[in-house]
Structures are given as structure tokens and as C-alpha cells.
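The values are calculated or read from the model by the stated rules, or taken from the named source; none is laboratory data. Predicted model only: the values in this text are computed from it and were never measured. Every residue, glycine as well, gets a Cβ built from its backbone with ideal geometry; the counts of neighbours run over all protein chains shown.
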């Protein structure tokens, strides 16, 4: 385990499952949780996904050598500049967002140069989301995409790999743009095609 303390921002399915997976690891780190939902914080603490909750961004970052932004993409983009003043040169910042180009761009523009960023996206989940369904084995055997910032030091990339492997996932390196293109083809495009197909069929007179 490469961390002494990990702060997880966002305690939905992915964030809470990550906390559970980290606590299952050998020599587990302390896990600090932050979420705008008090209910999510309470449930994450109850199932053992976090050791304690933080009331502020500064409190969550204090003493954390690993920061994971497990919030929705728009929230991650907002969090990056807000946590920047509370980071140190020994803090690795990563995320679990489903798109990467904009996140990497904002991270490069807002985080201090001595606070490395390695983008991440675990290809894991369930049909239903929410902190009520997390599992410590959610990432076991899953592909975990990593999109390091061009400014990330080698130690930061190595630490991100160790984090991914510690939760049972398989690291897979991609450039941010390559990641977004592939995910658009295998995830977003099929969704829009299915919506278009349903709409086209529903418009047929035979359905009336």
C-alpha cells in the first residue's frame, strides 16, 4: 500500500467501493471521506468505507498523501482548483471520471506543479448506482485506465499503478484523448444509437 492516508471526494458507488477495497488491503491506509451529502457520509462510515468524514476540503487534504476525486466529471472540474491550495509536493491526485481530456487540462492548469496528477477511470460499476451497493471486490480483475498528466513525475505514475493494483484492478495506460475516443465508441455511441432506434420505431404508424 503506497499511502498512509487517502482522501476520497465523493462517496457514491465508486468512491465507497474504493474505500472498502483500500481498507481490505495489507497495511491499509486511513481513509478520509468528503461528500456534500451528509447521508452519503453517514452510510459510508457505517459500512466501513471510511475511517472518518471531513467537513471541509482543507480537512480532507490535511495529512493525505493520496487524493481521489470520485465525483461526477463536472464536480471534479470544480474540485481541482478548490483543493489546489491544500496540496503538497508529496500528494498524488487522481480521479475516477468517465472522460479525461478536460480533467487533465484543468488539472495541469490549476494544480501546483509539485502536486502530480494521474487521471484514472475504473471500468467497473453496477446497473444501479449509490453508496448502498458498494463492494470491496468491485475492481477485482477490472481494467483501470490511467491517463497521467504530462507533468506527472515517474514516482507519481508508479504510485498510481500501485494504488490500482492494491484494489485488484489492472492498470491500462492511455492518452486522455485516446481514452475519450474509445469510451465514446464503446459506451456513449451505442447509447445514442439505441435511443435513435427506439425513437424511430416509436414513430412508425404500426406502433399507434
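General remarks:
- Some residue of the stretch 135-147 being under 20 Å from residue 66 (Cβ atoms), in contact (Cβ under 8 Å) with a residue 60 or more places away in the chain and not in a loop (DSSP other than H, G, I, E, B): no
- Odd one out for residue 46, checked against (1) crowded, with 16+ Cβ neighbours inside 10 Å; (2) out of contact with any helix residue (DSSP H, G or I) (no Cβ under 6 Å at 6 or more places or on another chain); (3) more than 22 Å from residue 144 (Cβ to Cβ): (1)
- Of all residue pairs spaced 6 or more apart or on separate chains, those with beta-carbon atoms under 7 Å, a first member in the stretch 152-176 that is in contact (Cβ under 8 Å) with a residue 40 or more places away in the chain and on the phi > 0 side of the Ramachandran plot and a second member that is crowded, with 16+ Cβ neighbours inside 10 Å and part of a helix (DSSP H, G or I) are 168/21.
- Hits in the stretch 18-29 (condition: farther than 13 Å from residue 69 by Cα and within 16 Å of the chain's Cα centre (by Cα)): 20, 21, 22
Here's the yes/no breakdown for (1) in contact with a strand residue (DSSP E or B) (Cβ under 6 Å, 6 or more places away or on another chain); (2) in contact (Cβ under 8 Å) with a residue 40 or more places away in the chain; (3) farther than 28 Å from residue 102 by Cα:
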position: 16; (1), (2), (3): no, yes, no
position: 34; (1), (2), (3): yes, no, no
position: 38; (1), (2), (3): no, no, yes
position: 72; (1), (2), (3): no, yes, no
position: 77; (1), (2), (3): no, no, no
position: 81; (1), (2), (3): no, no, no
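- Odd one out for residue 162 among (1) part of a helix (DSSP H, G or I); (2) at pLDDT below 95: (2)
- Check on residue 200, at pLDDT below 65 and either surrounded by 10 or more Cβ atoms within 10 Å (Cβ to Cβ) or assigned to a helix (DSSP H, G or I) (or both): yes
- If you go through the stretch 88-109 and pick out every residue that is farther than 17 Å from residue 180 by Cα and surrounded by fewer than 16 Cβ atoms within 10 Å (Cβ to Cβ), you end up with 5.
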